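Report on the following structure.
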Amino acid sequence: MLAAVLSLTVLGLALGWLLGLAARRFRVDVDPRVAQVEALMPGSQCGQCGFPGCSPAALAVVNGEAPLTLCPPGGKALVEALGNTLGISVDTSAMNDGDPQLARVDETICIGCIKCLRTCPTDAIVGAPKQIHVVMERACTGCGACIEICPTGALALMEEEPTLRTWRWAKPQLVAA
Amino acid sequence: MKLFRFRGGIHPPSRKELSAGSAIETMPLPERLYIPMQQHIGTPAEPAVKIGQHVLKGQLLARASGALSAPIHAPTSGWIRAVTDFTAPHPSGLPILTVVLEPDGKDEWDEFPLPKDPFEMPPELIAERVAAAGIVGMGGATFPTAVKLGGATNKHIHTLLINGGECEPYLTCDDRLMRERAFEVIDGVLLILHGIRWGRAIIAIEDNKHEALEAMRATAKGYGQLEVVAVPTLYPMGSEKQLIKTVTGLEVPAGGLAAQVGVLVQNVATAYAVHEAIRYGRPLVRRIVTVSGGAVRDRRNLEVPIGTLVDDLLRHCGHDGEPERLLMGGPMMGTVLPHAMVPIVKGSNGVLALSKPELPEGSASPCIRCGSCVRVCPVGLMPLELMKRAQNNDLDGAQDYGLSDCLSCGTCAYVCPAHLPLTHYFNYAKGELAARAQQKRKNDYTRQLVQARQARLEREAQAKAAAAAKRKAERAAKKAQEAEA
Ligand code: SF4
Ligand code: SF4
Ligand code: SF4
Ligand code: SF4
């Protein structure tokens, strides 16, 4: 009994030491920029970028495996912030400048099942069971998660309507300049 | 008085002769008034009336909301017919919350308690009353006047500068106001001085307005603290920083405010509104508007109730065919209107219906790097370089070249031999910058929401676990009890 205990202890210690050594020796430096980049991202883990969440997305960006323009909810503001952090300049003019999309509930179809409400990463949908739900435009990032889960197809993404607050001058169209 | 010269500037054809001879007339009440809830810089006012309600002239329609806002009052007596979205006087043609008032034809003022002698009033009361009267900068900037006055009392203001520049072509409403109501304007200036506890004011008028200069000089005579100066006619003299430079020689730093160099600037029409508010307790419910342009038959200066449609004004003055371009304000910095069904607001100094020959012609061609734009820019920017960056969406670069100091005054585009829409590019770039800032705010907000949700989910999970543990304990206790029994 004692021998068994002893030998196991020794084995454990030895292996632990080896592991420690290995950890020190084969340590992979985590790029501190990954954390920085992740902090810039919206953090909604919505997956629109094709990655399972913001953290893998940040890693891919830092490793140059994904373009800076990967995150639709972040928009041009995020692209620029990323560019500044990583010291890369990007031409945002090529970015799809379609108006941001927002989810909207069709009140005639919604059955108040609260599925979408639980799915939304930003808690942008308000409602109660058996009551028609509403999307708060300010909080919606247009990630589309709710669209897929809605059993009645009551949710759809629509272009955000411009208001006096969001309207901007269009770029002059010139043939030659 | 020694004057200074700001850099650049241009002499566009003044076209003021079209309306300068027309004395101020009262615009008859239209069938309906459309009064937007935002006519000032800052937060929109909040409607305080119900549909169907009868209001008297000057009665409160909407309360100021927040520190930077202004209340709105009924321009005449009548019934509230709707509180609804209506086209704003804005190039986008987008709607804004608007109170619709049907005049009862009596034009009956609400009663206001009259102060005995305003100069006996404590100075703070002036700013308070100006705020309650809903007065905003009437030269077009529409910054709430009381906020400026309130700020002035605790800063080192050494000069009150009254802007009678009116440098935009066509516009003559300030000119007529100074000619015909010099006493009231001067009284307003003295009241503002009292409000900021300061003694000296300079009234600057462009030297092409002889009659206005004469009238104002004659009225100001005898007040040692007032000085009327003729400043050269040069666009954009009426711009705040350029006027300060001309009169005082002081340069407002880039990105800075007039108060930083100790100057408070107010427009002559604003001074008039202050006179009305303090002497008679009357809120700002009407203004003088120049209706002019080649497409207008009788060019006039009309005293118009706020909320009158541009269409009503044009029909009153008569017009020949459809105008080539419709503007609110002057041709250099005014707002291009999508159509005439938009209301006059507190900042509307002109309505211009221009005909084809009055518009610049020629289509854009590549920049020939002639440098004309650089020579005339009153801010000292390099418009051609700015434009290049705006074209390439290089907003940081444009910022480095002073984008946010650009006045959008149109001087550079006016002289450009290649007819390049320089100012339009700068408006575009400024809009993009604002959009960027908005997006950033949204991203930050999203992050907050996600964190809040995460915290909530964790709390819920914990609560669930706790509930499960409790149930388990209860079950165990029950079992133990059963075993005991
Ligand atoms: S699209 Fe943006 S917010 Fe969504 S998971 Fe990817 S990085 Fe995160
Ligand atoms: S699209 Fe749906 S799930 Fe995504 S943020 Fe908007 S409301 Fe939430
Ligand atoms: S005035 Fe026009 S053509 Fe001349 S340098 Fe400026 S942008 Fe170019
Ligand atoms: S619009 Fe801007 S760049 Fe052009 S002249 Fe005016 S201040 Fe200068």
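The values are calculated or read from the model by the stated rules, or taken from the named source; none is laboratory data. Here the structure is a predicted model, which means the values were calculated and not measured. Cβ placement follows ideal geometry from the backbone for every residue including glycine, while neighbour counts extend to all protein chains displayed.
Residue pairs whose Cβ atoms lie under 8 Å apart, separated by 6 or more positions or on different chains, with the first residue in the stretch B:55-68 and at pLDDT 95 or above and the second in a strand (DSSP E or B) and among the small types (Gly, Ala, Ser), are B:Val55/B:Gly78. Of all residues in the stretch A:118-149, those being without any contact (Cβ under 8 Å) to a residue 24 or more places away in the chain and either within 21 Å of B:Gln451 (Cβ to Cβ) or within 16 Å of ligand 4 (Cβ to nearest atom) (or both) number 8. Filtering the stretch B:376-400 to residues that are within 9 Å of ligand 4 (Cβ to nearest atom) and without any contact (Cβ under 8 Å) to a residue 24 or more places away in the chain leaves only B:Met382. Within the stretch B:309-316, can one find any residue that is of a type outside the set (S, T, N, Q), in contact with a helix residue (DSSP H, G or I) (Cβ under 8 Å, 6 or more places away or on another chain) and within 20 Å of B:Pro36 (Cβ to Cβ)? Within the stretch B:309-316, none of the residues are of a type outside the set (S, T, N, Q), in contact with a helix residue (DSSP H, G or I) (Cβ under 8 Å, 6 or more places away or on another chain) and within 20 Å of B:Pro36 (Cβ to Cβ).
Can you say whether B:Arg389 is more than 16 Å from ligand 1 (Cβ to nearest atom), of a type in the set (D, E, K, R), within 8 Å of chain A (Cβ to nearest Cβ) and crowded, with 17+ Cβ neighbours inside 10 Å, as far as the supplied structure shows?
So B:Arg389 fails the test.
Report, by residue number, each residue of the stretch B:273-305 that is over 16 Å from B:Arg325 (Cα atoms) and of a type in the set (A, V, I, L, M, F, W, C). Correct list: B:Ala273, B:Val274, B:Ala277, B:Ile278, B:Leu284, B:Val285, B:Ile288, B:Val289, B:Leu302, B:Val304. Among the residues of the stretch B:227-240, some residue qualifies, meaning at least one is under 18 Å from the mean Cα position of the chain (by Cα), assigned by TED's automatic domain parsing to the domain that holds B:Met138 and under 23 Å from B:Arg197 (Cβ atoms).
Name the single residue that is surrounded by the most Cβ atoms within 10 Å (Cβ to Cβ) among those in the stretch B:84-143 being of a type in the set (Lys, Arg) and closer than 20 Å to B:Arg279 by Cα. Taking the candidates together, the pick is B:Arg129.
Given the condition at positive phi, surrounded by fewer than 16 Cβ atoms within 10 Å (Cβ to Cβ) and more than 14 Å from chain A (Cβ to nearest Cβ), answer yes or no: does some residue in the stretch B:56-68 qualify? Spell out the reasoning first.
In the first step, residues of the stretch B:56-68 are kept if they are at positive phi; the result is B:58, B:66.
Checking the rest, the ones that are also surrounded by fewer than 16 Cβ atoms within 10 Å (Cβ to Cβ) come to B:66.
With the extra rule that they be more than 14 Å from chain A (Cβ to nearest Cβ), the set shrinks to B:66.
There is at least one residue in the stretch B:56-68 that is at positive phi, surrounded by fewer than 16 Cβ atoms within 10 Å (Cβ to Cβ) and more than 14 Å from chain A (Cβ to nearest Cβ).
Filter the stretch A:96-137 down to the residues that are at pLDDT below 85 and either exposed (fewer than 13 other Cβ atoms within 10 Å of the Cβ) or within 16 Å of ligand 3 (Cβ to nearest atom) (or both) and list them by number. Answer for the stretch A:96-137, where residues must be at pLDDT below 85 and either exposed (fewer than 13 other Cβ atoms within 10 Å of the Cβ) or within 16 Å of ligand 3 (Cβ to nearest atom) (or both): A:Asn96, A:Gly98, A:Asp99, A:Ala128, A:Pro129, A:Lys130, A:Gln131. Number of residues in the stretch A:144-177 that are touching a Cys at 6+ places or on another chain (Cβ under 6 Å) and facing chain B (nearest Cβ under 10 Å): the value is 0. Of A:Gly75, A:Gly47, A:Gly43, A:Gly87, all but one fail to be within 16 Å of ligand 2 (Cβ to nearest atom), within 30 Å of B:Tyr428 (Cβ to Cβ) and modelled with pLDDT under 85; the exception is A:Gly75. When every residue of the stretch A:32-43 is checked against the conditions, at least one turns out to be near ligand 1 (Cβ under 9 Å from one of its atoms) and charged (D, E, K, R). Can you find a residue that is at pLDDT below 95, of a type outside the set (S, T, N, Q) and not in a loop (DSSP other than H, G, I, E, B) anywhere in the stretch B:99-107? No, the stretch B:99-107 contains no residue that is at pLDDT below 95, of a type outside the set (S, T, N, Q) and not in a loop (DSSP other than H, G, I, E, B).
For first residues located in the stretch B:84-100 and within 9 Å of chain A (Cβ to nearest Cβ), partners that are hydroxyl-bearing (Ser, Thr, Tyr) and part of a strand (DSSP E or B) and lie 6+ apart or on another chain with Cβ distances below 9 Å form the pairs B:Ala88/B:Thr98; B:His90/B:Thr335; B:Pro91/B:Thr335; B:Leu94/B:Thr87; B:Pro95/B:Thr84; B:Pro95/B:Thr87; B:Ile96/B:Thr87.
Every condition in (1) within 10 Å of ligand 4 (Cβ to nearest atom); (2) within 25 Å of the chain's Cα centre (by Cα); (3) within 30 Å of A:Val90 (Cβ to Cβ); (4) touching a residue at least 24 places away in the same chain (Cβ under 8 Å) is met by B:Asn427 except one, and the failing one is (4). Residues of the stretch B:48-69 that are under 27 Å from A:Thr163 (Cβ atoms) and in contact with a Lys or Arg (Cβ under 8 Å, 6 or more places away or on another chain): B:Ala48, B:Ile51. Is it the case that some residue within the stretch B:377-386 is in a loop (DSSP other than H, G, I, E, B) and closer than 17 Å to B:Ala364 by Cα? Looking through the stretch B:377-386, none of the residues is in a loop (DSSP other than H, G, I, E, B) and closer than 17 Å to B:Ala364 by Cα.
Take residues that are surrounded by fewer than 23 Cβ atoms within 10 Å (Cβ to Cβ) and not hydrophobic (A, V, I, L, M, F, W, C) and tell me which of the strands (runs of 3 or more DSSP E) falling wholly in the stretch B:296-375 contain 1 or more.
Numbers: elements: B:300-305, B:325-328, B:350-354.
Hits in the stretch B:296-375: B:300-305, B:325-328.
If only residues of the stretch B:401-436 that are of a type in the set (Gly, Ala, Ser) and either touching a helix residue (DSSP H, G or I) at 6+ places or on another chain (Cβ under 8 Å) or part of a loop (DSSP other than H, G, I, E, B) (or both) are counted, the one that is nearest to the other protein chains (Cβ to nearest Cβ) is B:Ala435.
Just one of the numbered conditions (1) under 24 Å from the mean Cα position of the chain (by Cα); (2) closer than 30 Å to B:Asn427 by Cβ is not true of B:Met27: (2).
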